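Worksheet: the structure to be examined is printed underneath.
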Amino acid sequence: MPFLVQIGPPQISIHQGQTVLISDPDGQINWPSERGLYFLDTRVVSSWAVYANGEPWELLNGGAITYYAARIFLTNRPIATEAGMIAPRTLGFTISRWIYGGMHEDLDITNNSMNPVKFQLEIAIRCDFADLFEVKSGNIVRRGRITTEWSQAHQQLRTVYRNRDFSRSVIISAHNFPTEPVYANGRLSFEVALDPGEAWHTCLLYALTDNDKHSAPPHNCMEHHPSSRHAETLADWLRTVAKIQTSNEEFYRLFRRALEDMAALRLPIEGTDHTVFLPAAGLPWFIAPFGRDSLIVSLQNILIYPEFARGSLDILGSLQAKEDDPYRDAEPGKIFHELRYGELAHFRLIPHTPYYGTADATPLYLITLHAAWRATGDQTLLGRHLETVEGCLSWIDNYGDRDGDGFQEYQTRSPAGYENMAWKDSGDSVVYPDGSLVKGPKALCELQGYVYSAWIRMAEVFDALGKGDRARELRAKAAALFERFNAAFWDDELGFYAYALDGDKKKVLTVASNAGHCLWSGIVPRERAKIVVERLMAPDMWTGWGIRTLSAGNPAFNPYNYQTGSVWPHDNGIIAMGFKLYGFGAEAGRIAHDISIGASHFLLNQLPELYTAFQRDETTFPVQYIGANVPQAWAAGSIFMLTQAMLGFLPDAPRNKLYVDPLLPEWLPDITIRDLRVGRHKFDIRFWREGERTEFEALNGKASLVERCEVGVKAAQLRDRTEPI
C-alpha cells in the first residue's frame with residue numbers, strides 16, 4: 001500500500017469577508033512576496049517579522065484552525081542577553097490570530113527554563129498599500145503618500161495611505177501588555193521579563209479603514225473565538241445546509257470540507273437578514289463579487305443552500321449593464337464579470353468597476369434563475385427578476401451574437417480587456433490543433449450550449465408566468481440553435497465537437513473539455529452522447545485524477561499551465577452532470593471517484609482551484625498548481641454537483657416533486673442526505689447499493705414526493721412542456 005502523499009501551498013491563509021491574511025508557515029510576512037494582510041483589494045500590511053533581541057524565532061508548527069483563525073507555535077534560538085545566554089528551545093512563543101472585520105493577534109511567551117529571562121520582543125511592520133492587481137503582477141507603483149504616527153498615550157500605531165480621494169489605513173493598538181511598548185526604527189518593542197515557568201501575554205488589534213468606513217477588530221482573545229458571533233454563524237450554516245452520512249470516510253471528509261469552504265467564501269449582503277449571501281470566488285485573489293463564478297457556485301449549491309442563488313441573482317441583476325461602455329466591455333443587458341474595490345479600480349486604471357468581460361455570465365444568470373425556482377418553488381423570484389431576464393435575452397440576441405450568424409461570439413473592445421471571455425479565460429487557453437493561439441472573435445462550443453439551455457429554461461419560466469407566446473418563441477429559437485450548432489460544430493473526421501469557430505467561422509478542431517459542458521446544457525443529440533463521453537474518457541483526456549482541460553495530444557498541452565492541460569474540479573463536476581443527464585451514470589461515478597481520491601492528497605481534504613495530474617497509478621499523485629486559490633468556491637461546490645450526478649437529483653418544487661435517479665458506484669456503497677430542502681419540504685433520504693442496483697428510502701419528509709425516474713428523460717420532458725404549469 002503506497003503512502004498518501006499530502007500536498008498543499010506552503011502558507012497560512014485566513015480570512016473573513018474581504019479581509020484576508022496570507023503569511024508564511026511561521027506567521028511572518030516576508031517581503032518581497034505576494035503575502036500580506038489585505039483589505040478591500042489593498043495590501044495594508046506587506047511585511048511582518050518578529051525577533052527576540054534581534055534574533056529570529058524557529059517554527060515548530062502552525063496552521064489555520066478554521067477559515068478565519070490560525071495558530072503558530074515557535075521557539076527560540078540562542079539569545080544573547082545582558083544576563084547571559086538564553087538556551088535554545090527554552091521559550092515557547094505562540095502567535096494566535098483571528099479575523100472578524102479587522103484582526104486580533106495574541107502573543108504568548110512561556111519561560112520553560114529554570115532561570116529568569118529578560119529580552120526585547122520586537123515586531124517589525126511595514127505597509128505598502130499596494131493594489132492587489134499590482135501585487136499579483138509584481139509591478140507595484142506608489143501613487144500616493146504613506147504617513148505613520150505612534151501615540152504613546154494610546155499605545156497605537158496609525159499608518160495611512162492617501163491618493164487624492166482614495167484612502168486606506170491600518171491602526172495597530174497594543175492591549176493587555178505587562179509593560180508599555182515603544183515604537184522606534186519601524187519596530188514595536190516590548191520588554192519581556194519572566195521568571196521560570198512564568199507566562200507573558202499581550203494583544204495587538206488591527207483596525208482597518210476604507211476612507212471613512214471603519215472595520216474594527218474583535219476585542220476578545222483567541223480562546224474566546226468559539227463563542228464569537230462569527231463562530232455562531234458558522235454553526236448556524238452547518239445546521240442549515242444539506243449534509244451527508246456515508247461509510248466512505250474519504251468522501252464524507254471531502255463533503256464536510258466543502259461545506260466549510262463554502263461557509264468561508266460567503267460575502268454577506270447589506271440590508272438582508274444575514275441568511276442571503278453572495279459566494280466569493282476564492283482565496284486569496286478572488287474575495288470579490290464575480291459573475292460567472294457566483295452563478296456556477298449557486299448552481300452547484302442549489303440543493304445544499306439555495307440562498308446563494310438568491311444573493312447572486314439580486315446582486316448581479318442590480319448591476320446589469322444599462323449602457324454601452326467599451327472600456328468596461330459593457331453592453332445593455334449584460335451581466336458583469338468582476339467588481340473590485342482597490343485603488344486601480346477607484347481611479348478607473350482597470351475596468352473592474354465592474355468589468356463586464358464575460359460571454360457566459362448572462363446566459364448563466366438565466367439558467368440559475370430557473371434552477372433556483374425549480375429548487376425553491378418561489379414564483380416571486382421570477383417576477384422580481386423579470387426585467388433582468390428581458391435584458392439578458394436582449395443582450396444574447398443583439399450583442400452576444402456579434403455578427404448575426406446565430407452563434408455567440410466574444411471579442412474585447414477594451415484596451416485593458418480579456419482576450420478570452422468564457423470560463424477558460426487565460427490568454428493562451430484557446431488553441432488550434434497545431435497549438436497556435438486563436439485570436440480575435442471566437443464562438444466557443446459551450447457558449448452555444450449555455451444559450452440553448454437558457455432559452456429552453458426561460459420558456460418554462462414564461463409558461464409559468466402565463467406568457468405562452470413568449471415561451472413558444474424561445475423554444476423555436478432553441479430548436480433552431482440545436483440544429484445549427486450540430487451542423488456547424490460537429491466534425492465527422494474528428495468524431496467530436498469543435499472547440500470553437502474562429503473569426504473566419506472555421507472550426508477549431510481541438511479536443512478540449514468544453515464539449516462536456518455541451519452535454520450538461522442538453523445541446524448534444526442523444527445518438528452522439530456516447531461518442532462524446534468515450535472521447536472525454538480517452539487516455540489523452542482522462543487522467544484518473546479527473547478530465548484534463550486540453551488533450552495531451554495537442555502541442556500546446558502543458559499540465560503545469562493554467563488551462564491547457566491542468567485538471568479543474570468544477571469542470572469535472574459539470575461534465576459528470578452532463579454524463580448523468582445522457583444516461584452515463586457509471587462514468588459520472590468514475591469522475592466523482594477521481595476527484596475524491598485526488599482531494600485526499602490535499603491538506604485538510606481541501607480541493608484547490610486546479611491541479612496538475614499525470615496518468616494515475618500507484619506511483620503518482622496530484623501536484624499543487626502554483627498560485628491556485630485555496631479554498632475556491634467552485635472547486636468546493638464541485639463535490640455537491642458530483643453528488644447530485646451520482647444520485648440523479650432533479651428538483652421540481654413547483655409541482656412538489658423530487659425526482660431521483662441514483663446509481664452508486666462500488667466505492668460509495670451508501671450515502672444518506674440530510675436536511676435536503678425542495679420548496680417547503682425537507683428530506684432525509686438514504687441510498688444504498690443492492691447488487692448492481694441502488695435503492696433508496698425517505699427517512700424524513702413526505703416519501704410520496706420522492707420519485708425514481710431516468711433523470712435526463714424527465715428533465716427533457718419538463719423543459720419541453722408546452723402547456724402552462
Which strands (runs of 3 or more DSSP E) does segment 641-725 wholly contain that include 3 or more residues that are of a type in the set (A, V, I, L, M) and under 27 Å from the mean Cα position of the chain (by Cα)? 670-678
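Condition check ((1) aliphatic (A, V, I, L, M); (2) in contact with a helix residue (DSSP H, G or I) (Cβ under 9 Å, 6 or more places away or on another chain); (3) open to solvent by less than 10 Å² (accessible area, probe 1.4 Å); (4) modelled with pLDDT under 95) across all residues:
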site: 556; (1), (2), (3), (4): yes, no, no, no
site: 571; (1), (2), (3), (4): no, yes, yes, no
site: 574; (1), (2), (3), (4): yes, yes, yes, no
site: 582; (1), (2), (3), (4): no, yes, no, no
site: 595; (1), (2), (3), (4): yes, yes, yes, no
site: 607; (1), (2), (3), (4): yes, yes, yes, yes
site: 617; (1), (2), (3), (4): no, no, no, yes
site: 620; (1), (2), (3), (4): no, no, no, yes
site: 661; (1), (2), (3), (4): no, yes, no, no
Looking at this structure, is residue 407 in contact (Cβ under 8 Å) with a residue 12 or more places away in the chain, out of contact with any Phe, Trp or Tyr (no Cβ under 6 Å at 6 or more places or on another chain) and not hydroxyl-bearing (Ser, Thr, Tyr)? yes
Tell me, which residue of segment 391-404 that is in contact (Cβ under 8 Å) with a residue 40 or more places away in the chain and open to solvent by 40 Å² or more (accessible area, probe 1.4 Å) is nearest to residue 301 (Cα to Cα)? 394
Scan of segment 689-725 for residues that are at pLDDT 80 or above, open to solvent by 50 Å² or more (accessible area, probe 1.4 Å) and among the hydroxyl-bearing types (Ser, Thr, Tyr), ordered by number: 704
Pairs needed: first member in segment 9-22, hydroxyl-bearing (Ser, Thr, Tyr); second member anywhere, part of a strand (DSSP E or B) and open to solvent by 10 Å² or more (accessible area, probe 1.4 Å); C-beta distance under 6 Å; at least 6 residues apart or different chains. 19/39
Which ones in segment 615-640 are more than 28 Å from residue 291 (Cβ to Cβ), part of a loop (DSSP other than H, G, I, E, B) and not polar (S, T, N, Q)? 616, 617, 618, 621, 622
Just a yes or no: is a residue in segment 403-417 among the basic types (Lys, Arg) and either under 23 Å from the mean Cα position of the chain (by Cα) or at pLDDT below 95 (or both)? no
Of all residues in segment 461-470, count the ones that are surrounded by fewer than 23 Cβ atoms within 10 Å (Cβ to Cβ) and touching a residue at least 24 places away in the same chain (Cβ under 8 Å). 5
Would you please name the residue that is modelled with the highest pLDDT, looking only at residues in segment 164-176 that are surrounded by fewer than 16 Cβ atoms within 10 Å (Cβ to Cβ) and in contact with a strand residue (DSSP E or B) (Cβ under 8 Å, 6 or more places away or on another chain)? 175
What number goes with the only condition from (1) surrounded by 24 or more Cβ atoms within 10 Å (Cβ to Cβ); (2) at positive phi that residue 645 does not pass? (2)
Residue 311 fails exactly one of (1) modelled with pLDDT of 95 or more; (2) closer than 23 Å to residue 40 by Cβ, namely (1)
The condition from (1) open to solvent by 10 Å² or more (accessible area, probe 1.4 Å); (2) under 19 Å from the mean Cα position of the chain (by Cα); (3) on the phi > 0 side of the Ramachandran plot that residue 625 misses is numbered (3)
Tell me which residues, restricted to segment 478-487, are under 17 Å from residue 409 (Cβ atoms) and buried (at least 20 other Cβ atoms within 10 Å of the Cβ). 481, 485
Strands (runs of 3 or more DSSP E) contained entirely in segment 75-185, each with at least 2 residues that are touching a helix residue (DSSP H, G or I) at 6+ places or on another chain (Cβ under 6 Å): 91-100
Of these, 208, 278, 283, 299, which one is among the hydrophobic types (A, V, I, L, M, F, W, C), modelled with pLDDT of 90 or more and open to solvent by less than 10 Å² (accessible area, probe 1.4 Å)? 208
Of the residues 360, 329, only one is of a type in the set (Asp, Glu) and within 19 Å of the chain's Cα centre (by Cα); which? 360
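The values are calculated or read from the model by the stated rules, or taken from the named source; none is laboratory data. Given the structure is predicted, the values throughout are model-derived calculations rather than measurements. Backbone-built Cβ (ideal geometry, glycine too); neighbour counts: all protein chains shown. Surface areas here come from the heavy atoms of the whole protein model, side chains and all, with no ligands, DNA or RNA. Shrake-Rupley method; radii C 1.70, N 1.55, O 1.52, S 1.80 Å.
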